[in-house]
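Trainee: Take a look at the following structure, please.
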Amino acid sequence: MDFTLIDHPLVQHKLTMMRDNNTGSKEFRELVSETSMLMCYEAMRDLPTKKVEVHTPLGVASSKVISGRKIVFVPILRAGLGMVDGVMNLIPAAKIGHIGTFRDPETTDTVEYYCKLPRDTDKRIAIVADLMLATGGTACEALRLVKQTGCTEIKFMCIIATPQGIELVNKEHPDVQIYCAAVDNEMNDEMFIVPGLGDAGDRMFGTR
């Protein structure tokens with residue numbers, strides 16, 4: 001399986017707090033935002049740079065700035081919304097798209113109900129994000145929609161993944177690098193990751 005596990009101590013500490021059933025919605029949202037910012041920092045490690053000269057108060061410094069394509073962040077509704085603020089704190093100039101999908105409880109098929117992406121998505125690096133990568137069906141559909149715009153540089157960022165989800169994304173989108181903070185090996189009959197952290201959307205928005 002091709003993926004990057006972000007095992008930084010700060011990320012792992014916040015993940016543990018997110019898993020805790022006693023963590024309330026306010027704290028859960030804050031932890032998701034903070035963890036997303038730290039993970040995005042790692043996911044953007046390979047951004048291209050160019051050398052520039054800048055005048056400091058004491059002289060001229062040869063330094064670097066980010067070059068190349070700009071960023072579009074695409075959260076998968078609804079849990080992915082919780083990752084937006086953290087990423088925007090790190091990359092405030094990024095554009096934001098939205099993809100809405102849900103898993104049919106009877107067939108487990110992925111159903112798309114909303115997709116709104118910037119017109120210049122094809123000229124940007126896309127970060128598609130969701131808290132959980134379970135079966136992989138939702139992620140694969142979201143990645144397909146982003147690719148329909150002509151976008152060729154795409155990363156997928158999640159907090160918890162399963163081996164099955166990673167394998168399916170690797171199979172259907174081998175050009176997309178996956179970034180996650182943990183890999184949990186099991187899913188229950190309702191396709192929730194076990195031990196996971198429960199229904200991430202419900203915990204984030206207080207609807208459980």
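Trainee: Kindly establish whether A61 is of a type in the set (A, V, I, L, M) and at pLDDT 95 or above.
Mentor: yes
Trainee: Limited to the range 89-109, what total is found for residues that are modelled with pLDDT of 95 or more and either touching a Leu at 6+ places or on another chain (Cβ under 8 Å) or farther than 19 Å from L143 by Cα (or both)?
Mentor: Within the range 89-109, residues that are modelled with pLDDT of 95 or more and either touching a Leu at 6+ places or on another chain (Cβ under 8 Å) or farther than 19 Å from L143 by Cα (or both) number 3.
Trainee: Can you name every residue in the range 58-78 that is of a type outside the set (A, V, I, L, M) and under 30 Å from K116 (Cα atoms)?
Mentor: S67, G68, R69, K70, F73, P75, R78
Trainee: With respect to V74, determine if the residue is surrounded by fewer than 19 Cβ atoms within 10 Å (Cβ to Cβ) and either over 29 Å from T49 (Cα atoms) or in contact (Cβ under 8 Å) with a residue 60 or more places away in the chain (or both).
Mentor: So V74 does not fit the description; no.
Trainee: Among the residues of the range 190-208, what is the count of those that are touching a residue at least 60 places away in the same chain (Cβ under 8 Å), in contact with a strand residue (DSSP E or B) (Cβ under 9 Å, 6 or more places away or on another chain) and not in a loop (DSSP other than H, G, I, E, B)?
Mentor: 3
Trainee: Which one of the conditions (1) under 23 Å from T207 (Cβ atoms); (2) touching a residue at least 12 places away in the same chain (Cβ under 8 Å); (3) out of contact with any Ser or Thr (no Cβ under 7 Å at 6 or more places or on another chain); (4) not in a helix (DSSP H, G or I) does E106 fail to meet, given that it meets all the rest?
Mentor: (2)
Trainee: Please specify each residue of the range 24-51 satisfying the condition of being among the polar types (S, T, N, Q) and either at pLDDT 95 or above or part of a strand (DSSP E or B) (or both).
Mentor: Matches in the range 24-51: S33, T35, S36, T49.
Trainee: Hey, can you tell me all the residues within the range 164-185 that are under 22 Å from V32 (Cα atoms) and surrounded by 12 or more Cβ atoms within 10 Å (Cβ to Cβ)?
Mentor: G165, I166, Q177, I178, Y179, C180, A181, A182, V183, D184
Trainee: For the range 151-189, how many residues meet the condition of being free of Cβ contacts under 8 Å to residues at least 24 places away in the same chain and in a loop (DSSP other than H, G, I, E, B)?
Mentor: Qualifying residue count for the region: 4.
The values are calculated or read from the model by the stated rules, or taken from the named source; none is laboratory data. Keep in mind it's a predicted model, so treat the numbers as computed, not measured. For neighbour counting, all protein chains shown are included, and Cβ atoms are generated from backbone atoms with ideal geometry for every residue, glycine included.
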